[in-house]
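Below is one structure; the comments refer to it alone.
The values are calculated or read from the model by the stated rules, or taken from the named source; none is laboratory data. These numbers were taken from a predicted model, which means no experiment stands behind them. As a convention, Cβ positions derive from the backbone with ideal geometry for all residues, glycine included, and neighbour counts pool all protein chains shown. Surface accessibility is based on the protein's heavy atoms, side chains included, excluding ligands, DNA and RNA. Shrake-Rupley method; radii C 1.70, N 1.55, O 1.52, S 1.80 Å.
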Amino acid sequence: MEAATETGISVTVNGEERRLPAGTTVAGLLSAIGLAERKVAVERNLEIVPRSTYATVQLAAGDAIEIVHFIGGG
Amino acid sequence: MDGSANIQDDFWEVAGRRFRSRLVVGTGRYKSLEETAASIEASGAEMVTVAVRRVNLSDPGAPMLQDFVPPTRYTYLPNTAGCHTAQEAVRTLRLAREAGGWNLVKLEVLGPPPFLYPDMAATFEAAAALLADNFEVMVYCADDPVAAKRLEEMGCVAIMPLGAPIGSGMGVVNPYMIRAIKAQAKVPVLVDAGIGTASDAAFAMELGCDAVLLNSAIAHAQDPVRMAVAMKHAVIAGREAFLAGRMGRDYKADASSPMDGLIRRG
């Protein structure tokens, strides 16, 4: 279990399972996906992740992440 | 008297924010983001409604609404479209607040098709939850003066009864109750939903409403940008007509030209 190959974690992002390196932060996830931080909002296990903490909040195995943005609506 | 100066002095206020345009427009149902941007600009609106949805992870570089309708220029009014419970509404708007940094929101909890009529029991519950979470709530509601008054007393900052079902384009089908809701309200009243064309928007304003909220009437017009211009003028015309005070109605004629001084034979 200590092997380097075992250090990845699995999280759910917008309903899709995703493998990430252990220690990935919210900022790291957004960057890996290719999203601008200022255009989205992030929820982790039903809790809002404040934008100011994106660089420090590390994801844990099994986290359910929602990444949303504004779209056209009435 | 300079009429244009008077129009400039006319504004409405919600949650401490002043708006000169009395037209609030939705950003949905357009063919493209370019068309959305052009139509909204042509409408002269200062406030726009927006929805909150998951980012498409398979196309993260896709253009976003914010790039075309900048929140620095327009006041975004995030909605709860698609939410059927208070919990979903609160969850959605908390995300909107984090994405946008503001707390002025549009609450709408809808019943089932074919009318998508406001579900008032669920709306009351969601309004209470949002108000407790320090949101400033503009609320879509039934054209029911009792429900409207209760929402106002709960602390909602604007009351938004439907003119007709969403996207129906049927106009203001119950002007009697829209007028009644406005007459008793101490917060802004907006007709939201049902507007089909310019005369509907003008009519809503002639009833004394503070503003009109519409989306499909522009987005589904054959020429959305042109209809946006029409709506801009309609809302101004309706507001001015309301302020001017219309003449009375009568079943008999009252000649416009004097009868004195007519030329006569002989």
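Things to note:
- Heavy-atom accessible area for B:SER32, with the other protein chains in place and a 1.4 Å probe, reaches approximately 40 Å².
- Region B:61-108 - Rg over Rh from alpha carbon coordinates, Kirkwood radius: 1.00
- Each Lys or Arg adds one and each Asp or Glu takes one away; over the other residues whose Cβ falls under 9 Å from the Cβ of B:LEU57, this sums to 0.
- Surface share of carbon and sulfur [accessible, 1.4 angstrom probe, percent] for region B:177-266: 55
- Of the cross-linked pairs A:LYS39/B:LYS149; A:LYS39/B:LYS186; B:LYS31/B:LYS232; A:LYS39/B:LYS182; B:LYS186/B:LYS232; B:LYS31/B:LYS182, those separated by over 30 Å at the C-alpha level are A:LYS39/B:LYS149; A:LYS39/B:LYS186; A:LYS39/B:LYS182; B:LYS31/B:LYS182.
- Chain B, helix-only ellipticity at 222 nm - DSSP H runs n ≥ 4, -39,500 (n - 2.57), divided by all residues, nearest 500: -11500 deg cm²/dmol
- Only Lys, Arg, Asp and Glu carry charge here, each on its Cβ (+1 for the first two, -1 for the last two); on that basis the protein assembly as shown has a dipole of about 840 debye about its Cα centre.
- Share, in percent, of DSSP beta bridges within chain B that are antiparallel, nearest 5: 15
- Hypothetical label at A:GLU37: residues of region B:86-115 whose amide nitrogen lies under 17 Å (7 Å Cα-Cβ projection): B:98-101
- Of all DSSP bridge pairs formed entirely within the protein assembly as shown, close to 45 percent run antiparallel.
- Residue-wise HN-Hα couplings along region A:21-37, as the Karplus relation 6.51 cos²θ - 1.76 cosθ + 1.60 with θ = phi - 60° gives them from phi, are x, 4, x, 5, 8, 4, 4, x, 5, 4, 5, 5, 6, x, 10, 6, 4 Hz; Gly and Pro carry x.
- DSSP-defined beta bridges in region B:93-215 - what % are antiparallel, rounded to 5: 10
- Cα principal axis extents for the protein assembly as shown, largest first, Å: 120, 39, 38
- About its Cα centre, the dipole of region A:1-72 is roughly 320 debye, where the only charges are +1 on Lys and Arg Cβ and -1 on Asp and Glu Cβ.
- Formal net charge of residues neighbouring A:VAL13 (Cβ-Cβ distance under 12 Å; K, R +1; D, E -1): -1
- Sparsely packed loop sites in region B:83-130 (the chymotrypsin sites (Phe, Trp or Tyr not before Pro) outside DSSP H, G, I, E and B with at most 14 other Cβ atoms within 10 Å) comprise B:PHE115.
- Net charge of Cβ neighbours under 9 Å - reference B:LEU104; Lys, Arg +1; Asp, Glu -1: +1
- Eigenvalues of the alpha-carbon gyration tensor of chain B, scaled by 5 and square-rooted, set the equivalent ellipsoid semi-axes at 37, 22, 17 angstrom, largest first.
- The residues of region B:1-126 have, on average, 46 Å² of accessible surface per residue, using a 1.4 Å probe with all protein chains present.
- In this assembly, the B-A interface accounts for approximately 2600 Å² of buried accessible surface in total, computed with a 1.4 Å probe and without ligands, DNA or RNA.
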